[in-house]
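Trainee: Structure in structure tokens, see below.
A short reminder: the numbers here are calculations on the coordinates, not readings from a lab. Small disclaimer: the values here were computed from a predicted structure and weren't measured. When we count neighbours, we look across all protein chains shown, and the Cβ atoms used for this are built from the backbone with ideal geometry, even at glycine.
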Amino acid sequence: MTRWSERLGSFALLILVLAAPLCGAPYGKASFERYRPLILEAEKTSTPAVRRLLRSVRTMVTQEELVRGSCWHYLDTAFSRAGYPAPRRTVIFASSKRGPYASAALLRPGDWIYHVNRSYHGVEHSGMFIAWIDRARRKALMLSYPGEGRRRPGRYRVYDITQTYRIIRIGAKR
């Protein structure tokens with residue numbers, strides 16, 4: 001019996017280790033803790049206006065605030081709360097889901113981007129660019145909201161943003 005329970009325990013541990021990457025990134029405060037240095041560096045090196053926006057969204061994430069609606073509703077709430085309603089935002093790049101896609105050089109912390117979510121069925125998704133994880137491979141730390149009626153808070157997560165087709169920025173001119 002002992003050998004069987006040991007084998008079962010080892011098997012269960014192996015399943016947990018193998019399945020961990022499939023469980024996704026943590027939500028809310030745990031996601032902030034995971035990427036704290038990058039997030040705080042983005043805040044520190046940004047303009048005062050962008051810093052206010054980044055801090056506002058960080059508060060929403062760490063307080064695990066739920067917003068009724070989609071990723072768009074979450075970001076619209078974050079931008080408006082920080083003092084940047086729609087009239088104070090500028091589209092600096094606009095295309096379609098099929099491209100052409102934005103250059104990595106255009107992106108700055110606090111940008112609201114629309115991209116093809118390559119990690120979730122290739123659907124359209126929007127999130128806030130925070131920092132590059134690997135610029136050459138277009139892996140970025142993003143603030144993301146799951147939407148689709150799921151009762152989960154926003155989170156910081158790494159996305160492949162190769163197919164970025166819209167960028168919105170506060171206080172920018174084309």
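Trainee: Can you give the Rg to Rh ratio of segment 129-169, both from alpha-carbon atoms, with Rh computed by the Kirkwood formula?
Mentor: Rounded to two decimals, Rg over Rh is 1.02.
Trainee: Right, something else. Once fully extended, how much extra length lies between Arg68 and Asp134, figured as 0.36 nm per residue of separation less the alpha-carbon to alpha-carbon distance?
Mentor: Taking 0.36 nm per residue and subtracting the Cα distance, the gain is 20.5 nm.
Trainee: Say each of Ala49 and Asp160 gets a label point 7 Å from the Cα, pointing the same way as Cα to Cβ; how far apart are those two points in nm?
Mentor: Modelled inter-label distance: 3.4 nm.
Trainee: Gain in length, Arg88 to Leu38, computed as 0.36 nm per residue apart minus the alpha-carbon separation, to one decimal in nm?
Mentor: 15.4 nm
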